[in-house]
Amino acid sequence: MKVYAVPEAGAPAEAMDFPTPELTGKEVLVRITNTGVCHSDAHTQEGFISIGGGKTMPLTAKFPAVFGHEIVGTVAAVGPDSSLTPGDEKFIVFPWIGCGECQACQENAENLCPRGRALSIALPGGFAEEVWVPDEKYLIPLGDLDASWGATLACSGVTSFSAVNKLLPAGDEDVIAVIGTGGVGLMGVAFLKELGHKKILAIDVADENLETAKKMGATHTFNSTSTDNPSKAIQELVGGRIFGAVDFVNNGATASLALSLLQKGGKLVSVGLFGGSHEYGTAPLALQAQTIQGSFVGSLPELQQLVEIAKTSDLPALPITEQELGADNLNAALDALREGRSRGRIVLVND
Ligand SMILES: [Zn+2]
Ligand SMILES: [Zn+2]
């Protein structure tokens, strides 16, 4: 099968032929129609991620690597035990596949599997004409959703959804802050509203993003560059300290701000990969019984739930640019992401 693979860390992607696997059990071969290009593809291509302060953390992929984990496609072929039949129906592919045997996998939290075999990291991903999926259960019917937007639900969508869910349920008076209202953060605001949460505080450095957040359901907005003491100003705005925060930026400054806002028993969910560090008082964390929880992508049940919500509500679509699948467009998209030139999502299309 034709793939666009990166031969080694730091190199551009090029067209290659990978052997088409013989399908057994409930395995599925998906013919790909749409694959979103994610920032983490650009990090994995480089082989490391910057974690702030000039430090990096290695990211390992199996080279030659086929990236791309926001995949929509049709069923091209199935194993003998599959209930699916090849055809034109489109599916979203859940990419965060685990070993299937460990405790995390048994609890349907395959995204937390220590021996994960995620598409685009351990297994070949979606910058290809076809992708091998180890079980039909990872395919979720796309229905009437736009295929390029539906593809983005598998990473940016479920990342946002899983993060806000870690703060729910919350009471009507509980304030939840969404820090960083770019595309993924805006979806977080929309999910909170859709899931019935009442008090949503959007924090960003751009008024334009905050205006959009308000339209998506934010009840309070705050530009953190508007004062020298944003923590005090925010507490004045919302009437005290807050129940929880989801930090879609997650650098030293935003994490410190979020922690300074939390009430007793409050929780910070850390999602963004901007990198940085912050100091916190260990005794206050105990005395205030607060929680800091990391959040990485999402589980299969979460993606299924999210797709259901997307089918039945008006979630904001990230701005999407569609381009034809090919090595040149893929490399240009990865470069744009790495250099911070990308707005919205680029989705490679192979119709
Ligand atoms: Zn991603
Ligand atoms: Zn596992």
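The values are calculated or read from the model by the stated rules, or taken from the named source; none is laboratory data. All of these numbers come straight from a predicted model, not from anything done at the bench. No Cβ is skipped: glycine too gets one built from the backbone with ideal geometry, and neighbour counts run over all protein chains shown. Heads up: the accessible areas ignore ligands, DNA and RNA and are worked out on the full protein's heavy atoms, side chains in. Shrake-Rupley method; radii C 1.70, N 1.55, O 1.52, S 1.80 Å.
Annotations
- Selection from the stretch 98-138 of residues that are of a type in the set (F, W, Y) and in contact with a helix residue (DSSP H, G or I) (Cβ under 6 Å, 6 or more places away or on another chain): F127
- Residue check for N229: under 25 Å from E279 (Cβ atoms), surrounded by fewer than 18 Cβ atoms within 10 Å (Cβ to Cβ) and in the same structural domain as G266 (by TED's automatic domain parsing): yes
- Number of residues in the stretch 97-135 that are of a type outside the set (V, I, T) and closer than 24 Å to Y4 by Cα: the value is 18.
- Residue in the stretch 94-104 that is touching a residue at least 40 places away in the same chain (Cβ under 8 Å), away from ligand 2 (no atom under 16 Å from the Cβ) and out of contact with any Asp or Glu (no Cβ under 7 Å at 6 or more places or on another chain) present: no
- Residue match in the stretch 300-320 (condition: on the phi < 0 side of the Ramachandran plot, in the same structural domain as L195 (by TED's automatic domain parsing), touching a helix residue (DSSP H, G or I) at 6+ places or on another chain (Cβ under 9 Å) and in a strand (DSSP E or B)): no
- Any hit, the stretch 231-241, residues being modelled with pLDDT of 95 or more, among the charged types (D, E, K, R) and touching a strand residue (DSSP E or B) at 6+ places or on another chain (Cβ under 9 Å): yes
Residues checked against (1) in contact with a Pro (Cβ under 9 Å, 6 or more places away or on another chain); (2) within 16 Å of ligand 1 (Cβ to nearest atom); (3) closer than 28 Å to F248 by Cα; (4) touching a residue at least 24 places away in the same chain (Cβ under 8 Å):
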| site | (1), (2), (3), (4) |
| --- | --- |
| V78 | yes, no, no, yes |
| F91 | yes, no, yes, yes |
| E110 | no, yes, yes, yes |
| A118 | yes, yes, yes, yes |
| I140 | no, no, yes, yes |
| S156 | no, yes, yes, yes |
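- The residue list A213, A202 contains one member that is touching a helix residue (DSSP H, G or I) at 6+ places or on another chain (Cβ under 6 Å), open to solvent by less than 50 Å² (accessible area, probe 1.4 Å), farther than 28 Å from L59 by Cβ and in a helix (DSSP H, G or I), which is A213.
- Qualifying position, being at positive phi, open to solvent by less than 40 Å² (accessible area, probe 1.4 Å) and under 15 Å from the mean Cα position of the chain (by Cα), among V297, V271: V297
- Top-ranked residue in the stretch 274-292 [being open to solvent by less than 60 Å² (accessible area, probe 1.4 Å) and among the polar types (S, T, N, Q); ranked as farthest from ligand 2 (Cβ to nearest atom)]: Q288
- Residues of the stretch 179-199 classified as in a strand (DSSP E or B) and either within 15 Å of F274 (Cβ to Cβ) or without any contact (Cβ under 8 Å) to a residue 12 or more places away in the chain (or both), total: 1
- Taken together, T56, T60, T85, T44 contain a single residue that is surrounded by 17 or more Cβ atoms within 10 Å (Cβ to Cβ) and either farther than 21 Å from A5 by Cα or not acidic (D, E) (or both), which is T44.
- Test: N331 is more than 17 Å from V164 (Cα to Cα), open to solvent by 20 Å² or more (accessible area, probe 1.4 Å) and in the same structural domain as T33 (by TED's automatic domain parsing): yes
- The one condition in (1) within 16 Å of ligand 2 (Cβ to nearest atom); (2) surrounded by 21 or more Cβ atoms within 10 Å (Cβ to Cβ); (3) of a type outside the set (D, E, K, R); (4) assigned to a helix (DSSP H, G or I) that I121 fails to fulfil: (4)
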